[in-house]
Amino acid sequence: MQRAAQVPPLAISHGQGVWLYDEDGKRYFDAVSSWWVNLFGHADARINAALKDQLDRLPHVMLAGCTHAPAVELAERLSALTGGVLGHCFFASDGASAVEIALKMAFHHWRNRGLTDKREFVCLRQGYHGETLGALAVTDVQIFRNAYDPLLMQSHQVMSPDARQALPGESAADVARRAAAELQALLEARSGHIAALILEPLVQGAAGMATYHPTYLQAARALCDQHQVLLIADEIAVGCGRTGSFFACEHAGIWPDLLCLSKGISGGYLPLSLVLSRDSVYQAFLDDDVARGFLHSHSYTGNALACRAALAVLDRFEDEDVLARNRQQAAGLSAALAPLQADPRVENFRHLGMIWAFDVKEPLVGARFPERFHLAGRARELLIRPIGRTVYLLPPYLLNDTLSPWLARQVMATLDDVLNQTPEDAARPPEPPTA
Ligand SMILES: *Cc1c(COP(=O)(O)O)cnc(C)c1O
């Protein structure tokens with residue numbers, strides 16, 4: 001088996017709010033929202049009630065030749081959240097399938113318009129879009145990609161606007177402009193062959209919560225318009241309020257041509273994904289000739305339970321002013337984490353919406369840092385999973401004046417535990433799982 005399997009998995013028996021409980025009754029704060037999917041905690045009363053109701057009505061029906069109220073209502077409400085700009089909605093079941101759909105749709109849309117040469121994709125360095133073959137082809141995270149490289153279609157990778165790359169004297173906006181200049185050069189040379197640019201707006205999650213300035217999105221939008229290239233926003237991780245606005249693109253005041261949504265949309269309950277699109281994309285497929293149509297389906301596309309969970313999520317956003325409440329909650333956690341900004345052992349402290357991250361300085365990291373930090377976190381009631389030397393917090397939207405100071409204290413104590421380990425401690429493999 002893989003080495004990572006040496007870390008004994010936590011056997012979780014139940015969850016409530018921010019807490020997960022293992023079979024021994026020990027609790028863990030879910031500081032990564034179960035891989036960024038959970039929004040309102042585990043076993044949320046409102047989502048549970050909606051699902052129980054839906055379970056007795058209609059758990060699932062195929063979305064071919066049939067439709068159902070939760071799917072229709074979800075499509076309408078999401079479209080309304082874009083002010084109607086992205087007025088069409090294609091359903092699927094997980095993030096990678098939404099990315100596949102967006103890529104296929106972008107290519108096919110140009111083909112239907114007679115521009116058959118436009119079949120290449122542009123993506124950002126260190127971007128992540130999922131792990132099926134199409135999504136991997138526009139992903140630049142080597143551990144996921146390397147083994148499959150010979151199988152992947154070629155894509156163009158351009159500079160990431162990651163603000164950490166600032167040269168002395170450069171601002172985050174300067175880095176964004178430098179990255180946009182590289183995109184511009186590529187599109188000027190090659191746009192006749194390029195179908196779409198795909199990117200994660202504002203935060204490259206799997207790159208270690210790499211944040212960048214919204215000016216890059218504005219430049220990318222303008223360049224795509226100028227060069228007849230579609231813009232695909234992968235909001236699978238950053239959507240649903242994570243960055244402080246419902247969609248991350250709103251920070252830049254732009255809309256993409258295609259927008260992928262998954263993860264948080266069902267509150268972290270069930271697999272569901274959607275691709276929202278502009279009418280201009282939709283119109284390219286509207287024809288009596290079936291070959292011009294977009295044929296793509298997954299068995300559980302638009303699952304009724306998942307759609308109903310998503311409606312309960314949107315209800316909460318509407319009824320409870322989640323975005324305003326998150327701003328308050330975030331201020332509390334930011335204040336509690338302030339000592340890290342002055343900590344000489346860390347660098348690049350960053351915060352956006354309900355995402356916090358910092359990097360441990362390279363010379364201090366040592367072997368197997370993510371694993372050691374994760375295990376030390378467990379001992380302090382944290383479920384936390386650094387990426388490389390980046391420690392990040394992406395908590396459910398349930399922080400308060402008690403939880404935030406507690407969470408910050410535990411994270412800083414875990415950092416002390418890990419950085420105070422002797423090299424011998426650090427080298428010792430984790431305890432094997434007890435039978
Ligand atoms: C998680 C993620 C995906 C893939 O979603 P899955 O549901 O895991 O297939 C794609 N893009 C981004 C930005 C993600 O964070």
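With the cut-off at under 18 Å, measuring from each backbone N in the stretch 122-147 to a point 7 Å along the Cα-to-Cβ line of HIS193 picks out 122-124, 137-138. In the chain, helical runs assigned H by DSSP with n ≥ 4 each contribute -39500 (n - 2.57); averaged across all residues and rounded to the nearest 500, the mean residue ellipticity at 222 nm is -11500 deg cm²/dmol. Rg of the Cα atoms in the stretch 52-172, relative to 2.2 N^0.38 Å, amounts to 1.40.
In percent, rounded to a whole number, the relative contact order of the stretch 48-320 is 27, using alpha-carbon pairs under 8 Å and six or more apart. Other residues within the sphere of radius under 9 Å centred on the Cβ of GLY353, judged by their own Cβ, net out at +2 (K and R +1, D and E -1). With the convex hull of the Cα atoms taken as the outline of the chain, the averaged projected area works out to 22.2 nm².
Between SER13 and GLN154, what is the label-to-label distance in nm when each label sits 7 Å out along the Cα-to-Cβ direction? Between SER13 and GLN154, the label points sit 5.7 nm apart. Farthest towards the positive end of the charge dipole of the chain, among the residues HIS88, VAL61, ALA233, is the Cα of ALA233, using unit charges on the Cβ of Lys, Arg, Asp and Glu. Could you tell me whether the stretch 1-91 comes out rounded, prolate or oblate from its Cα gyration tensor? Rule is a ≥ b ≥ c as square roots of the eigenvalues, rounded for a/c under 1.5, then prolate if a/b exceeds b/c, otherwise oblate. Note, shape of the stretch 1-91 comes out prolate. Between ALA102, ALA11, ALA324, the GNM of the chain built on Cα springs shorter than 10 angstrom shows ALA11 fluctuating the most.
Peptide packing: for 147-156, 387-396, the average count of neighbouring Cβ atoms within 10 Å per residue gives the ranking 387-396, 147-156, highest mean first.
Listed by chain and number, the aspartates and glutamates whose C-alpha is less than 15 Å from the C-alpha of LYS118, apart from same-chain residues fewer than 8 away, are GLU188, ASP225. Here's how it looks for HIS88: its modeled amide H is under 5 Å from those of SER277, which are all 5 or more places away or on a different chain.
The radius of gyration of the Cα set in the stretch 172-322, together with its Dmax, comes out at 17.1, 49 angstrom.
Going by neighbour counts of Cβ atoms within 10 Å, the residues LYS361, LYS263 line up, fewest first, as LYS361, LYS263. Annotation for GLU73 and ARG428: the two label points, set 7 Å from Cα along the Cα-Cβ direction, are 5.5 nm apart.
Largest GNM mean-square fluctuation among ARG278, ARG46, ARG27, using the chain with Cα springs under 10 Å: ARG46.
The lysines within cross-link reach of LYS263, meaning a Cα-to-Cα straight distance under 25 Å and a gap of 8 or more places when in the same chain, are LYS52, LYS104. Take SER34, project a point 7 Å from its Cα along the Cβ direction, then tell me which residues of the stretch 86-115 have their backbone nitrogen under 18 Å from it. Inside the label zone: 93-96. Largest GNM mean-square fluctuation among SER299, SER273, SER334, using the chain with Cα springs under 10 Å: SER299. Rounded to whole numbers, the Karplus 3J(HN,Hα) couplings from phi for the stretch 52-69 are 4, 5, 5, 4, 7, 8, 7, x, 7, 8, 4, 9, 10, x, 10, 9, 8, 4 Hz, using 6.51 cos²θ - 1.76 cosθ + 1.60 with θ = phi - 60°, and x at Gly and Pro. For ALA335 and THR132, the FRET efficiency from 1/(1 + (r/R0)^6), where r spans their Cβ atoms and R0 equals 60 Å, is about 0.90. Stretched out straight at 0.36 nm per residue, the stretch from GLU320 to ASN400 would grow longer than its current Cα-Cα span by 27.3 nm.
In summary, the aspartates and glutamates within cross-link reach of LYS361, defined as a Cα separation below 15 angstrom excluding same-chain residues under 8 places away, comprise ASP343, GLU347, ASP416.
The residues neighbouring SER34, those whose beta-carbon lies less than 12 Å from its own, together hold a net charge of +1 under the Lys/Arg +1, Asp/Glu -1 convention. Simple spin-label estimate for ASP56 and PHE144 gives 4.0 nm between the two label positions (7 Å along the Cα-to-Cβ direction from each Cα).
Throughout, read-outs are computed from the coordinates displayed, never taken from laboratory work. Note that the structure is a prediction, hence the values are computed from the model and not measured. Glycine also receives a Cβ, built like all others from the backbone with ideal geometry; neighbour counts cover every protein chain displayed.
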